[in-house]
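Below is one structure, written out as C-alpha cells; the observations come after it.
The values are calculated or read from the model by the stated rules, or taken from the named source; none is laboratory data. Since the structure is predicted, the reported quantities are computational estimates derived from the model, not experimental observations. All Cβ positions, glycine included, derive from the backbone under ideal geometry; neighbour counts span all protein chains shown.
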Amino acid sequence: MRTLRTLPALFKVGFVSALAYRAEFLVWMLTSTLPLIMLPLWHAVAEQAPLAGFSQGRFTAYFFTGFIVRQLVGNWASWTINYEVRSGALSQRLLRPIHPIWFYATESLASIPLRSAFAFPAAVIALLVTDTSNLAHDARLWAMVPVAIFGAWAIGFFAHVAIGALSLWMHQSIKVVEIWSAGFFVFSGYLVPIAVFPRWLQSSPHWMPFEYMHGFPIDLITGALSVEQATRSLGAQWCWVGILGLVTVALWDRGLRRYGAFGG
Amino acid sequence: MRLERHLAVLRANLRLSFLLAMQYRWEFLLDGAMSLLWTAAAIVPLYLVFEERPRIAGWTYGEALLVMGWFTLLDGLLKGAINPSLVTVIEQIRTGTLDFVLLKPADAQFLVSTARFKPWRLLALGASIAIFVYAFSLLGTGPTWGGVAQALAMLAAGIVVLYSVWILVISVAFRAVRIDNLRYLFEAVFEAGRWPSTVFKGVLSFVFTFVIPLALMTTYPAEALLGTLPWERFAAAWAGALVFAAVARGVWLRSIGSYTSASS
Amino acid sequence: MHERTAGLAASLRSVFRREHKLVKAVDGVTFSIARGERVGFLGPNGAGKTTTLKMLTGLLHPTSGTIDVAGHVPQRREAAFLDQIMLVMGQKQQLIWDLPPADTFELNRAVYRVPRDRYDATVNELTELLELGDLVKKPTRELSLGERMKCELVAALIHQPKVLFLDEPTIGLDVSTQVKVRDFIRSYNERYGATLMLTSHYMDDVAALCPRVIVIDKGRLTFDGSLDELVRNVRPEKRLTLHFRGDVGDDALSPLGQIIERSEGQVVLQVAQSELAAAVSRALATLDVVDLTVEAAPLEEVMSELFTRGRAARAREAGREPDEAE
C-alpha cells in the first residue's frame, strides 16, 4: 500500500531527472540507429525482387518500427545497479521502505514520455515513406500492441535488474550484460528480421526471450502475424515476463541478504 | 632529441597499458574474445543475403568480405589504440588533471593520443587476416603486390582520417565535457563501414564519402586489393586525408589554447 | 513545471548565443621572487591564487602584462621551461589509479628524459626522505591519502625541478603527515636550492615553510613582505595569557587590556604592543600570578581579520555599508 502511494512521487523524480539529462538522452537515442544503418544494405538486397517476402518498403517499415520500439522499451538498469553497488549508493536506497526494484522500474518508465517525444519524428517519417499496406489492419492486433510493448519492456527490465543483482556477488556484472546484449542483437530480429534467417535457424529464436523484446512487437505492428499467431506469441511473451520476474525477485532477495551480511 | 623523447614516452605508455591489461587480464581477454565473436556474428547477415543474391550493389560475397576485413582491422585499431586514450583524456578534462599533461615537456597532442592502449584488441588483426584469406579463397585469386602496397597506403590514409576525427571529438570535449557520449554516436555510425560504400545512395552516400569518409577507410582499400581502385581516386583520398589531419591539428591547437580546466 | 521550462529555454539560449564576460580574476599583481626563496601565497577563497599559479606555470595566458619564470615566458610552454618546474595540486592527482606509483614515476622518467642512474638515485633519496619504503610498489588505489600525496611529490620531483609550485599540498592530511610533508619540502628546497611557491589553507604550513608571504584578495595584491611584518601590521596587539590564584573580578582585569577569553583562574587579554610592559608589571603587582605568556595573535585570526578589512575597504569604495557587500 505504502509503495503504491509513493509511486507517483517516484515517477515525478524519474521524469524530472530524465529531462535534466535530455542531451545525453538524445545522443543515446541516436546511437541506437544501427538498424537504420543496416537498412541501405537490405534495400540493395531487395532491389530487384523481395527477399523472403520482404520488399524494400517492407524492410523500411520493419526497421523504422524497430527503431521506435527500441526507443520505448530500452533499458539500462544493470549499469545503474552496478554503479550503485560499487559506489555504495545502494546502501542509501536500502534505508528506504521501498524495494529497490520499484525504484529502478519507475526510473525506467518515467523516461518513456521523453523518449516517445524523441521517437515521434521517426514515426512520422516512417508513415510518410511507407504505405499503410505494411501495417496491421485488424483492430484486435492494434489492441494487443500496448500489451506487447509493455511485455517487451518488462522482459528487458527484469533481465537487467537480475543481471544487476549479480553484481552483489561478482566484482561487476557489466560483462554479463554484454553477453545478454549479444544474444539480443543476434536473436531478436534487431539486425536481421527473423523471417530472413535461414530455415534451420528460424524456429530457435521462438524459444528464447529476445524475440519477444523486439521482433514480436514489430511483427505485430507491421501486420506480419494473424490474430491467432499474435495471441500465441503474446502468451509466450508474458510467460517470459513471469519467469524472469520470479528469477529477478529471488536473486535480489538472496543478493541483499548477502550484501547485508558482508556490507557489499 | 625531440623525437627521441617522444619515442621514449610511447614506449613507457605501451608498457603501462600492458601492465594495466595484465592486472585485469580476464576482463580484457573476455573483451577481446567478445570482439572476435562479434566479428564472426557480423559476417552472418552478409552470408545470409548473398545466399539469395550473387551480387549486391555490384559486389560479390568474396569482394564484400574484403570490405569486412578492413572494417575489422580498423575497428580493432579504433578500440585498441585510439578509443582508450580518448576515454582517458575525457576523464582528465572532467577531473581537471589534464593540467598535469599540459605541464609535461612534450607535445600535448602526442601525450594525449598515446596515453592508453588495449593490447588484447589487437586480436582483431588476426581476425582480419583470416577474413582476407577466406575471401580470396572464395574469389579463387590472390592480390597482386602492387594491390597490397596500394591497399596498405590506403589503409594509412584511413587511419589518418580516423585519428583526425577523434582529435576533433576531443576538441569538442574541451568545450563541453558532457559531449563525451558523442564517441558512442561515432561508433554507431562507424558500423556502416562494414558494407561496400556503393550500398548507400543519395545523402548517405555523400555523407560517408565526404563528411565522415567511411568509404575511404574500408571500401577503397578493398578495391585496391582487388586492383580496381583508380590512382586518381587514391590520390584524391590521400589529399582529403591530409586536409582532415591539418584541420584536426588546427582545431586541436585552438581548443588547447582556450582550455581552462574544469575546477580552476 | 514553470521553472523547468525557464531552465530549458535558458540552456537553449546559451547553446546558440554564448555570452562572454571578461572577469578579471587577477589584476595588477606585481612581484618577483629570488632563486631559492620560499614564498607563501595567501588569500581567501576565490582570491585568484590558483589562477596566478596557473599563469606562472603557463596553463593560463594573461590578457595583458608580462610573466618571466626562470628566464622563460611560461605560456610558450618551451620544453626548457617545463623541464625546470613542477606543480603539485592537493586536490588532483597524476598517479595512475590502478598501477603502483613506481609505474607513474617510470612514465615521468621517459617524459623528462632522466638518465637511469640519476633516476634511481633520486627516487631512492626521495622515498627515503618520505619514509615510503615499498609502498611505491603497491597499486595507488590501495594507498592512504597521505601516502598518495607523498607519492605525488616524488612523481613531480623526478626531474629535479628548480621551481616548485605547490597548491594546497597538505589538504586533508592528518597532522603528523602534514609535518612530514612540510619538512620534506623544506629539505628539498635546501638541498637543491629550488624556489618554492606555496598556497595553503593551513597557516601552520606557511609559518613553518615561508619566511615571505604574498597576499592577494579579489585579484589584487594586498601585502608582500615577511610573515612577522604582516602580523605586526594587521594585529600589532599581543596576546597576554595569565594564570592566577584566587577569585578575581572582570573589573580588576579589564584595566590591563581587552578580555578575549575568561575562565576559572585564567584570562586571555589583548594588549597593544606599546602598553605591554606596563600591563605585565601591573598584572604582577595586582594579581597572584602563577604563569604568564605573551604571544602574537594566531595566524588564522590575523588572516581572517586582514580579509575582513579588505572586504570592508572595498565596500566603502563602492559607497555601501560593509554588511551589504558580498
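Observations on the model:
- Of C:113, C:76, C:141, all but one fail to be within 30 Å of residue C:28 (Cα to Cα) and within 13 Å of chain B (Cβ to nearest Cβ); the exception is C:76.
- Consider region C:163-185 and keep the residues that are closer than 22 Å to residue C:57 by Cβ and part of a loop (DSSP other than H, G, I, E, B). The one that is nearest to the chain's Cα centre (by Cα) is C:168.
- Residue B:225 being surrounded by fewer than 18 Cβ atoms within 10 Å (Cβ to Cβ) and at pLDDT 90 or above: no
- Screening the candidates A:3, A:60, A:31 for the property of being at pLDDT below 80 and within 14 Å of chain B (Cβ to nearest Cβ) yields one hit, A:31.
- Across region C:149-172, the number of residues qualifying as touching a Leu at 6+ places or on another chain (Cβ under 8 Å) and surrounded by fewer than 19 Cβ atoms within 10 Å (Cβ to Cβ) comes to 1.
- Elements of type helices (runs of 4 or more DSSP H) contained in region B:187-261, each with 1 or more residues being charged (D, E, K, R) and within 22 Å of residue B:82 (Cα to Cα): B:231-257
- Residue list for region C:28-54, restricted to those being without any contact (Cβ under 8 Å) to a residue 40 or more places away in the chain and more than 11 Å from chain B (Cβ to nearest Cβ): C:32, C:45
- Considering only residues in region B:107-159 that are assigned to a loop (DSSP other than H, G, I, E, B) and within 14 Å of another protein chain (Cβ to nearest Cβ), the one that is nearest to residue B:93 (Cα to Cα) turns out to be B:115.
- Single residue of C:205, C:174 found to be within 18 Å of residue C:307 (Cβ to Cβ), touching a residue at least 24 places away in the same chain (Cβ under 8 Å) and acidic (Asp, Glu): C:205
- Of the residues making up region A:162-171, at least one is free of Cβ contacts under 8 Å to residues at least 24 places away in the same chain and either more than 27 Å from residue A:132 (Cβ to Cβ) or touching a Lys or Arg at 6+ places or on another chain (Cβ under 8 Å) (or both).
- Residue match in region C:86-98 (condition: assigned to a helix (DSSP H, G or I), touching a Phe, Trp or Tyr at 6+ places or on another chain (Cβ under 8 Å), β-branched (Val, Ile, Thr) and more than 8 Å from chain B (Cβ to nearest Cβ)): no
- Qualifying residue in region B:102-124 (condition: over 29 Å from residue B:224 (Cβ atoms), of a type outside the set (Gly, Ala, Ser), without any contact (Cβ under 8 Å) to a residue 60 or more places away in the chain and in contact with a strand residue (DSSP E or B) (Cβ under 9 Å, 6 or more places away or on another chain)): yes
- Considering B:66, B:74, the condition of being in a helix (DSSP H, G or I), more than 28 Å from residue A:56 (Cβ to Cβ) and either under 17 Å from the mean Cα position of the chain (by Cα) or within 14 Å of chain C (Cβ to nearest Cβ) (or both) is satisfied by B:74 alone.
- Selection of helices (runs of 4 or more DSSP H) fully inside region A:112-198 by the criterion of at least 2 residues being more than 17 Å from the chain's Cα centre (by Cα), at pLDDT 80 or above and away from every other protein chain (no Cβ under 13 Å) returns A:112-129, A:139-166.
- Residue, nearest to residue C:206 (Cα to Cα), within region C:266-312, restricted to residues that are in contact with a His (Cβ under 8 Å, 6 or more places away or on another chain) and surrounded by 14 or more Cβ atoms within 10 Å (Cβ to Cβ): C:292
- Checked across region B:55-63, the condition of being part of a helix (DSSP H, G or I), out of contact with any Pro (no Cβ under 9 Å at 6 or more places or on another chain), within 11 Å of chain A (Cβ to nearest Cβ) and surrounded by 13 or more Cβ atoms within 10 Å (Cβ to Cβ) holds for no residue.
- Residue within region C:239-258 that is assigned to a helix (DSSP H, G or I) and within 30 Å of residue C:41 (Cα to Cα) present: no
- Residue A:117 of a type in the set (A, V, I, L, M, F, W, C) and without any contact (Cβ under 8 Å) to a residue 60 or more places away in the chain: yes
- Qualifying residue in region C:116-123 (condition: surrounded by fewer than 22 Cβ atoms within 10 Å (Cβ to Cβ), at the interface with chain B (Cβ under 8 Å from one of its Cβ atoms) and touching a helix residue (DSSP H, G or I) at 6+ places or on another chain (Cβ under 7 Å)): no
- For region B:15-26, the set of residues classified as exposed (fewer than 15 other Cβ atoms within 10 Å of the Cβ) and either more than 12 Å from chain C (Cβ to nearest Cβ) or assigned to a helix (DSSP H, G or I) (or both) consists of B:15, B:18, B:22, B:23, B:25, B:26, listed by residue number.
- Residues in region B:199-213 that are touching a helix residue (DSSP H, G or I) at 6+ places or on another chain (Cβ under 9 Å) and either modelled with pLDDT of 90 or more or away from chain A (no Cβ under 13 Å) (or both): B:209, B:210, B:213.
- Among the residues here, residue C:57 does not qualify as surrounded by 22 or more Cβ atoms within 10 Å (Cβ to Cβ), out of contact with any helix residue (DSSP H, G or I) (no Cβ under 9 Å at 6 or more places or on another chain) and under 23 Å from residue C:216 (Cα atoms).
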